[in-house]
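Colleague: Just dropping this structure here.
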Amino acid sequence: MIDKIDLDLFKRAINTVENSGDMDYSKLNESGSNAVGPYQIIYGDVHKKNLKDMYGVESKDEFINSPDIQESYMDWLSTESYPRMLKSLKRDYGPGGDNLTNNAVSDFSESGILGDFSDYDLMALEHFLGHDDTRKYFASIREGREDQFKVPGKNMSVRDYLKSFKSVYEPEDKEQDDEDSDEKGGTDGPIERPMRFINGEDKE
């Protein structure tokens, strides 16, 4: 589990990728999914149950009209739920992971397949894909078919999502990034927002 997270920066990065920096809590997803608000949290399945258990939220409309709950729930996801998911991913796909040899195209047993992904990248993937599809994504890397992995629904690719996320969430390199940005005259333009529509169903 990660030791520390810059919560405000992490949430800003998710908001930038998911909703182009728009902090409208009533914003609905253009693809027709049940994604809601600045972080495009999908009101369905696990999230729906959590919101009822944790806050007594009974409907999507109630969630839409509860900015404080949207923020509090995103805080909980970022500091408790997503970090817990990292244990599962690292156990199975990190060095010596339990799932590295299944249909593997090469020997990943010593290095694992998470070396290119920071803990924050993994958390962003949990938000983007949900836990089950995040695991499927790493299985596709293990089997040498990452290029065949299709993000469910109408969405950008995993690598494009992470590229956009990391353009904001790079806390260790932030000072250097700021200098580079100044030299280049700012960013290259607005970041495309993903269309959140998972498997045609509501999903974590």
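The values are calculated or read from the model by the stated rules, or taken from the named source; none is laboratory data. Quick caveat: nothing in here was measured; it's all calculated off a predicted structure. Virtual Cβ from ideal backbone geometry, glycine too; neighbours counted across all protein chains shown. When the accessible area is computed, the model is the full protein with side chains, heavy atoms only, and any ligands, DNA or RNA have been set aside. Shrake-Rupley method; radii C 1.70, N 1.55, O 1.52, S 1.80 Å.
Colleague: Go through Ser20, Ser59 and list them by solvent-accessible area, largest first, probe radius 1.4 Å. Could you put the intermediate results ahead of the total?
Modeller: Working: Ser20 70, Ser59 45 Å².
Sorted by accessible area, descending: Ser20, Ser59.
Colleague: Work through the residues other than Leu89 whose Cβ is under 10 Å from its Cβ and net out their charges, Lys, Arg +1 and Asp, Glu -1.
Modeller: +1
Colleague: What full-extension length gain, to one decimal in nm, is calculated for Lys150 and Glu62 as 0.36 nm per residue of separation minus the Cα-Cα distance?
Modeller: Contour length minus the Cα-Cα distance gives 28.4 nm.
Colleague: Kindly report the accessible area of segment 1-127 per residue (heavy atoms of protein chains, probe 1.4 Å, no ligands, DNA or RNA), in Å².
Modeller: On a per-residue basis, segment 1-127 sits at 46 Å².
Colleague: Amide H neighbours of Ile42 under 5 Å, at least 5 residues apart or on other chains, H built in the peptide plane: list them.
Modeller: Val36
Colleague: Now for a separate question. Accessible surface of His127 in the full protein assembly, 1.4 angstrom probe, to the nearest 10 Å²?
Modeller: Around 10 Å² of this residue is reachable by solvent.
Colleague: Turning to a different aspect of this structure: Under a 1.4 angstrom probe, counting protein chains only, how are Met23, Met85 ranked by accessible area, largest first? Before the final figure, lay out each step's value.
Modeller: Numbers: Met23 80, Met85 40 Å².
Order by accessible area, largest first: Met23, Met85.
Colleague: Here's another thing I want to ask about it. Hey, with R₀ at 25 Å, roughly what FRET efficiency would Asp8 and Arg84 work out to, going by the Cβ-Cβ distance, to 0.05? Before the final figure, lay out the partial values.
Modeller: Working: r = 21 Å, r/R0 = 0.83.
Efficiency, from the Cβ-Cβ distance: 0.75.
Colleague: Using the beta-carbon distance between Arg91 and Lys49 and R0 = 25 Å, what value does 1/(1 + (r/R0)^6) give for FRET efficiency, to the nearest 0.05?
Modeller: Using R0 = 25 Å, I get an efficiency of 0.55.
Colleague: Taking 41 Å as R0, compute the FRET efficiency from the Cβ-Cβ separation of Asp98 and Asp22 and round it to 0.05.
Modeller: Efficiency at R0 = 41 Å is approximately 0.55.
Colleague: Sorting Val105, Val57 by accessible area (1.4 Å probe), largest first, what list results?
Modeller: Most to least solvent-accessible, the answer reads Val105, Val57.
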